[in-house]
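Some notes on the structure that comes next.
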2 protein chains.
Amino acid sequence: MSILVVGSTALDSIKTPTAENPRLLGGSASHAGVAASFFAPVNLVGVVGQDFPKKYLELYRRHQIDLQGLQILPGKTFHWAGEYEANMNNRRTLATELGVFETFNPTLPEAYRKTPYVLLANIAPALQSHVLDQMMKPKFVVADTMDLWLNIALPDLLKLIKRVDGFVLNDSEAQQLTKTDNLLAALKKIHQLGPKYVIIKQGSHGSILSSPKGLFLCPAYPLAKVVDPTGAGDSFVGGLMGYLAQAKGSIDANIRQAMVHGSVTASFCCEGFGLTATTKIKRADILKRVKELEKIVRF
Amino acid sequence: MSILVVGSTALDSIKTPTAENPRLLGGSASHAGVAASFFAPVNLVGVVGQDFPKKYLELYRRHQIDLQGLQILPGKTFHWAGEYEANMNNRRTLATELGVFETFNPTLPEAYRKTPYVLLANIAPALQSHVLDQMMKPKFVVADTMDLWLNIALPDLLKLIKRVDGFVLNDSEAQQLTKTDNLLAALKKIHQLGPKYVIIKQGSHGSILSSPKGLFLCPAYPLAKVVDPTGAGDSFVGGLMGYLAQAKGSIDANIRQAMVHGSVTASFCCEGFGLTATTKIKRADILKRVKELEKIVRF
């Protein structure tokens, strides 16, 4: 089965203490879409400007990502510039140029409306809701978000959360949303906002799921070197949804394996700038690391 | 088989945003000793003053902790006072009164010298070495430490690390010792200092072992409420050594289960001030949580 992925499609300029990489392909939909593509066909919904490099359209196509839903409009592609500190945990936004993203109105191609798996990757919650409005009986809908929307669009976000099956956010966002720094308390409060599945991401510490079948602690694959964590969270949720879309059986039966596959996909993402490492791997590389991870956590 | 535990035996005054608890039983040897006692007989090595409450001697005895190695000297028991912030992660020392600890010279009773498992819980590394000097062919020696010794007794600590089978420290201490914030790189550097088994503790995120059989990610049991994390690290390593001492087979065959049992013992420690929660449980309570944790991490 296929997945619809809506989110940002951007050019990212990423600075770390050791390197600078201008205008790499980035954005939540790019990272999540490529990650999902290792497992299932992806229908991409996004917008880019006429400056968007052709090589990145080729990159999407190489990953069998359907581009009917990618609008190419007069103007500039969304550009984000950021800088990481030495420990790769703290990042600082240097510039945000919205470009064509400012007036983005995601209208779905007819062929997309029956996509069974819907990933509302990080983007303004009003746009996530607008996409969801156009879907016809999706099987499983997951939304991701970021602190920005908690700060400037909380009412929109709360409306969206009510309508999704799964909601994904990171630990500091969960703390901000629920006013508690206890993970179990935060998970409980987020369930009360609507979703049956709540996942709190904890960066290199993995993630935790609360679901009808209880809790699941999902490990992160330990890396000897983190080059650039940008997009790791998007890769995680993309891989997760991709895995679910191709798996037989219920969501409950598959969601743990789906998270582990998403987690491993995210580990590759961290090993290169932008999508450079993720686009070099094959599905077999992910499966190999999943097997390794199984050995590392077994007791 | 039995375990020798040397470390601090103290009275802790612990303040949190919601409560204040003066002069509770504390110290690394108390926490580690009680934790180990759920699994194996413990020989305690420490020092207290004549002000040390009789009820705490009774508490040790209830846990079948042998007190031949506990010196009771004229003077005051070591007293530590500290305050936790709301998130329970940052703590501030308010007072440290060494008392009889200042001139502590751990001389082992003859009966202790052949104890097969030796836990050098957190205490000055010169004292840890001095205890190790008195042991006769121990089977497995593990040392824990704290940032204080990295700051004021690094040469002593490095001498000690060379002589132990296992070394345990937390993530910020590992970063300080190895000058890297990458866990895998830190583990590698610490192996080069001597120990075959290196464990980095990550608080509520669990811990990671590097051993001849590879890496192991040990989960932490998720808690709905953390009352007081003081002693959790000591309980972890105490439970770990206790489990190893009673397990049949090699260290490699048992160390993962040992870490999980230590991790769960530490979870109880966090649920009460000082040792109040840990001393209310039985071994069966630990085993029950281990089973739950197995379910929470299975995929």
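The values are calculated or read from the model by the stated rules, or taken from the named source; none is laboratory data. What you are looking at is a predicted structure, and each value in this text was computed from that prediction instead of being measured. Note that we place each Cβ from the backbone using ideal geometry, even for glycine, and neighbour counts take in every protein chain shown. Surface areas here come from the heavy atoms of the whole protein model, side chains and all, with no ligands, DNA or RNA. Shrake-Rupley method; radii C 1.70, N 1.55, O 1.52, S 1.80 Å.
List of remarks:
- Evaluated with a Cβ-only charge set (Lys, Arg +1; Asp, Glu -1), region B:104-210 carries a dipole of roughly 440 debye about its Cα centre, given to the nearest 20.
- The mean number of partner chain beta-carbon atoms within 10 angstrom of a residue's beta-carbon across peptide A:292-299 is 6.
- Charge dipole (chain B, unit charges on Cβ, about Cα centre) - positive-most of B:178, B:129, B:262: B:262
- Distances between copies at residue A:113, taken between label points 7 Å from Cα along the C-beta direction, are 8.7 nm in increasing order.
- Label spacing, shortest first and in nm, from residue B:86 to its equivalents in the remaining copies (7 angstrom along Cα→Cβ): 3.1
- Cubic angstrom per residue, convex hull over Cα atoms of the protein assembly as shown: 144
- Percent antiparallel among DSSP beta bridges (both partners in chain B, rounded to 5): 40
- Between B:37, B:72, B:52, the Cα set farthest toward the positive side of the dipole of region B:27-81 (charges on each charged residue's Cβ, about the Cα centre) is that of B:52.
- What you get for chain A, charging only the Cβ of Lys and Arg (+1) and of Asp and Glu (-1), is a dipole of about 980 debye around the Cα centre.
- Mean residue ellipticity at 222 nm, helices only, chain A: -11000 deg cm²/dmol; runs of at least 4 DSSP H residues each add -39,500 (n - 2.57), and the sum is divided by the number of residues.
- Share of carbon and sulfur in the accessible heavy-atom surface of region B:215-299 [1.4 Å probe, %]: 56
- Rounded to the nearest 20 debye, dipole of region A:1-130 from Cβ charges on Lys, Arg, Asp, Glu: 220
- The mean number of partner chain beta-carbon atoms within 10 angstrom of a residue's beta-carbon across peptide B:253-265 is 1.
- With the label put 7 angstrom out from Cα along the Cα-to-Cβ vector, residue A:147 ends up 2.2 nm from the copy partners, going from closest to farthest.
- Minimum Cβ-to-axis distance in chain B for the rotation onto chain A, with residue, whole Å: B:205, 2
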